[in-house]
Amino acid sequence: MKNFTLRLLVVSLLLLTINACNKDEETDPNNTNTSSNLFGSTVSVTVKGKVCDVNGTAISGAVVKSGNVNVTTDVNGVFILNNISANQKLGCVIVEKAGYFKCVRSFVPKTGGNELQIQLLAKSIDGTINSSTGGTVSIQNGSVTLPANGVTLNNSAYTGNVNVAIKHFDPTSANFNDAMPGSLVGVENNTVSSLTSYGMLGVELTDNNGHLLQIASGKTATLKFKVPTSLQASAPASIDLWSLDETKGYWKKEGVANLVNNEYVGQVSHFSFWNCDKPNSFVYINGKILNNQTQQPLQNATVTITSVAFGSASDQTNSQGMYNGLVPNGENLTISVSLSCNGGGSGIVYTATLPALSSNTSISDISVSLPNQTLLSGTVVGCNNQPLNNSYLIIDNKIVYTNNGYFNYTACGSSLNVACYGTNPWVSGQVQNVTLTGGNQNIGNIIVCNPSGGTVTDIDGNIYQTVIIGNQEWMQENLKTTHYRNGAIIPYLADSVLWQNNNAGACTDVNGNSSNTSVYGKLYNFYAVADPRGLCPIGWHVPENSEWIDLVKTLDVDVDSISGIPSLSAGGGMKEIGLTHWQSPNLGATNISGFTGLPGGMRYGLGTYVFFGTNGYWWSSSDFYYPDIFGITLYHNDSTVTNFMGFGLEDGLSVRCVKD
C-alpha cells in the first residue's frame, strides 16, 4: 500500500509540467483558453520547449501550436512560442507530426515564461474492425469494442475498415509522469480537482487512407482498462471516467466505469484519451530560487515538493528562477531544491518544511549556495553584437533557454561544450569548449552569426538579400531579371496566346500585374530555366532537385533522403510569417529558415494565372523525367512542402537561385 501511495504522488501532487497526448476529439481548434471563472483571466505567456521521442531523441519538423500561433521544431527539436494566450492558472500547447499521436501539453503559466519537455508517442495500428459488423481490438492492458454501423467520417456514415491504434498508460510505471496524457487537472460541474489515476487509454480510429473516424451520434463504444496489480486491492467498485479536452488542457468527467474482473469497463461516445480517476482537492503554489552569492535568479534548479500521503513531484525553474504548480490541500509538505551538473552529479542544496496549505500561496524567495560548482553565465548576441532574442544554448547535450539573450547554468567539472542557436530565423554557432573556474563565471558575449555574404546582384542590377540555410546560401527573394547572365533579353510575354504557343525561354509578371515584380519577382517558363545562357547571376544557379532536398532536410531531418519531399512541416519554416502576402490562415508559417517564401502562384502553359496568394511554386533545374519537370510548392492552408513531378515546359513558376 505504501508503494501505491508513493507512485500516486506523481499524479495527485502536480507541478504542472506534464505531457499530454491526444487524438481526434472534435473541438474548436482556435479556443485554447479555459473558462476564466475556473482558471483566472487571460494572460500572455512565452512557451519554450523541446520535442523528443520515448528514447529522448529530438524530433524536428513537429508543428507546435496554440490558438492561431504556430511554429515548427528545429533540428534540435526546439520551439519558441511567443506571447500566446493562456489563463492565469492553466494553458496548453498542441504538438503534431505524422507517425505520432497528437500531443497536448498543459502547464501553469510562470512569470518569465514556461520551459517544457514534450514527448511524442509513435503510432501503430493494433487491429482492424469492419464498420458494418463492429468488433473488438485488444492490447495487453485494455481493449476497444465498436458497435455495428457505429462509425462516421466527417459526420457521415462510414462503411469499410476501421484501423484502431490504442495506447495504454500504467499509473504505477516508472515513466508514467513523462508519458501520461493531460496534466491530471479535472473539471466537473465548474469544480476543479486534481486527479488520481487507476489507468488510461488513448484511442485513434482511421480509414485506410488515414482519415480520422469517430463514433456515430447516438452510439457508444466500450473501453476496458486493466487495473495494475498493485492498485487492485484499493480499486473502488466504480470510478469516474474522464476525457481530455485538448483545446483547454484539462480532463472532463463524462461518465462512470465499473470494476469487472480487475478491469474498469465504461461506455464512451467519442474518442480521445480516457482516464479512470478519483478527484482530490488542491491549492496552487509558486516561488523563486535565487543564487545566494549574487541574489540573481537561478535557472534549471529542480524544486521538489513531498507529501507523506501523496509522495513527491518536481518542477524546474525558468530563466527568472520561477517554479509553480499545484499541491494537495491540507497536507504537511517538504520542499527541497537540488542542482544537477553537466558531469552527471546532483545534490540537494536546500530543504525545509511547509505548513499545510488551504489556499493559493506564494512561497518566499529561497536563496541557495553552489558548493563545488560553477554558475556559468553570459549573453548570446547576433551579428550586430546585440542580445539575441529567441535564442538558446546546448551545453553538454542539455537545452538552456535564454532570457532575451542572457543565460545562467550550473556546471561541474573542469570544462564543458557550448553551442548557441537562434530560432527566427534559425542560425547556429560553432561549438566552443569552456574551461570552468568555479564560483560565478561570466563568459561574456557568445556570437551567433552565420555570415551570408549579405547580397548578390543580377545582370539587371537588382540586389537580392541572401541567407544561409544549413550548408547552402540561397537568395532570400525571387528572381526578377529580364536578361540572361550574358545580357541577352529574356522575352516578356503577357499575351496568353503568345505564351501558349511559345517554345523558347520567356518570362511574365506574377498574376499578370507588373506592380507585383518588386515583391514577388517574375515567373519563368522552363525553357528559360534550361537555357545555357543562365538565369542566375555569375556564381549562382537554379537549384537541382537534390539541393531542394538538402534545404528541406535542414528543417525536417526525417524526410526521405532520396525523394526528400514532401515534408508535412518544413513548409512552415520556409514561408513568410503573417498575412501581408499569404491568404489566411498561412498555417504553420515560422520562416525559421529565412527562406521567406511568398505565394506568387503560377501561370499555366495555356496562359492562365492561378493560385496567387495561396500557393508558391519554384522551379527545380532537374529534368530527368523530361518533359515532366520537378517544382517545389508551398501552401497557405498547411505546413507542407511538396516536390511535384508534372510541371510542363510552358508553365510559369518563380525562380530562386542558390550559390555554386
With 21 Å as the limit, write out which pairs from K48/K97; K252/K288; K480/K659 have Cα-Cα distances beyond it, or answer none. K252/K288
Cβ charges +1 (Lys, Arg) and -1 (Asp, Glu), total dipole of the chain, debye: 1420 debye
The stretch 592-660: mean projected area of Cα convex hull, nm²: 5.2 nm²
Helix-derived [θ] at 222 nm for the chain: sum -39500 (n - 2.57) over DSSP H runs of at least 4, divide by residue count, nearest 500? -2000 deg cm²/dmol
Within the stretch 158-172, whose backbone N sits under 17 Å from a point 7 Å along Cα→Cβ of A233? 172
Test of understanding: what is the full-extension gain from N82 to V265, defined as 0.36 nm times their sequence separation minus their Cα-Cα distance? 61.7 nm
I'd like the FRET efficiency for A98 and V43, computed as 1/(1 + (r/R0)^6) with the beta carbon distance as r and R0 of 22 Å, rounded to 0.05. 0.10
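Kindly provide the Kirkwood hydrodynamic radius of the stretch 460-606 in Å, to one decimal, from all pairs of distinct alpha carbon atoms.
This gives a value of 16.6 Å.
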Extending each Cα 7 Å along its Cβ direction at N209 and Q296, get the distance between those two points in nm, one decimal. 5.8 nm
At a Förster radius of 51 Å, what calculated FRET efficiency corresponds to the Cβ-Cβ distance of N175 and E544, to the nearest 0.05? 0.70
Evaluate the relative contact order of the chain (contact order divided by residue number), counting alpha-carbon pairs under 8 angstrom at least 6 apart; express in whole percent. 11 percent
May I ask for the angle, rounded to the nearest 10°, between helix 545-555 and the longest principal axis of the chain, with both axes built from Cα atoms and the value confined to 0 to 90°? 30 degrees
Range of Cα positions in the stretch 148-204 per principal axis (Å), largest first: 39, 32, 17
Of the listed peptides 222-230, 120-128, what is their order by residue-averaged count of other C-beta atoms within 10 Å, with the highest listed first? 222-230, 120-128
Report Rg/Rh for the stretch 257-323, rounded to two decimals, where Rg is the Cα radius of gyration and Rh the Kirkwood radius. 1.23
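How much of the DSSP beta bridge set in the stretch 416-545 is antiparallel, as a percent to the nearest 5?
95 percent
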When all Cα-Cα pair distances of the chain are considered, the percent exceeding 36 Å is 47 percent
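Starting from the Cα-Cα distance between Q583 and N385, subtract it from 0.36 nm times their residue separation and give me the gain in nm to one decimal.
67.7 nm
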Using 7 Å Cα-to-Cβ label points, what is the V256/N329 separation (nm, one decimal)? 2.2 nm
So for the stretch 506-660, averaging the separation of alpha carbon pairs under 8 Å that are six or more residues apart and normalising by length, what relative contact order in percent results? 28 percent
So if we plug the beta-carbon distance of S359 and N155 into 1/(1 + (r/R0)^6) with R0 = 41 Å, what FRET efficiency do we get, rounded to 0.05? 0.35
Please give the Cα centre distance for the stretch 109-141 versus the stretch 375-392, rounded to the nearest Å. 38 Å
Need one number: % antiparallel among DSSP beta bridges in the stretch 530-642, to the nearest 5. 85 percent
Quick one: what are the phi-derived ³J(HN,Hα) couplings along the stretch 229-242, Karplus 6.51/-1.76/1.60 with θ = phi - 60°, whole Hz, x for glycine and proline? 3, 6, 9, 5, 5, 9, 5, x, 5, 9, 8, 5, 10, 10
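Going by average Cβ density within 10 Å per residue, which order do the peptides 299-309, 369-379, 153-163 take, highest to lowest?
Values: 299-309: 21.1, 369-379: 18.0, 153-163: 14.7.
Highest mean packing first, the order is 299-309, 369-379, 153-163.
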Compute the signed sum of charges (Lys and Arg +1, Asp and Glu -1) over the other residues within less than 9 Å, Cβ to Cβ, of Q472. -2
Let me check against my output: what whole-number percent is the relative contact order of the stretch 388-477, with C-alpha pairs under 8 Å and at least 6 apart? 18 percent
On average, how much accessible surface per residue is there in the chain, in Å², for a 1.4 Å probe, leaving out ligands, DNA and RNA? 38 Å²
What's the long-distance tail for the stretch 214-262, i.e. % of Cα pairs beyond 17 Å? 50 percent
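Any idea what the alpha-carbon Rg over 2.2 N^0.38 Å comes to for the stretch 532-660?
Against the compact-globule rule of thumb, the ratio is 1.01.
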What is the magnitude of the charge dipole of the stretch 522-660 about its Cα centre, with +1 placed on the Cβ of each Lys and Arg, -1 on the Cβ of each Asp and Glu, and no other charges, expressed in debye to the nearest 20? 440 debye
How do 169-176, 71-78, 438-445, 46-53 rank on mean C-beta neighbours within 10 Å, highest first? 71-78, 46-53, 169-176, 438-445
In whole Å, what is the distance between the alpha-carbon centres of the stretch 238-315 and the stretch 155-213? 15 Å
Put a dot 7 Å past each Cα toward the Cβ at T57 and N404; how far apart are the dots in nm? 4.0 nm
May I ask for the angle, rounded to the nearest 10°, between helix 2-12 and the longest principal axis of the chain, with both axes built from Cα atoms and the value confined to 0 to 90°? 40 degrees
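The values are calculated or read from the model by the stated rules, or taken from the named source; none is laboratory data. All values derive from a computational prediction rather than experimental measurement. Neighbour counts are summed over all protein chains in view; Cβ atoms, including those assigned to glycine, are modelled from backbone coordinates with ideal geometry. Each accessible area value is taken on the protein alone, full model and side chains, heavy atoms only, with ligands, DNA and RNA left out. Shrake-Rupley method; radii C 1.70, N 1.55, O 1.52, S 1.80 Å.
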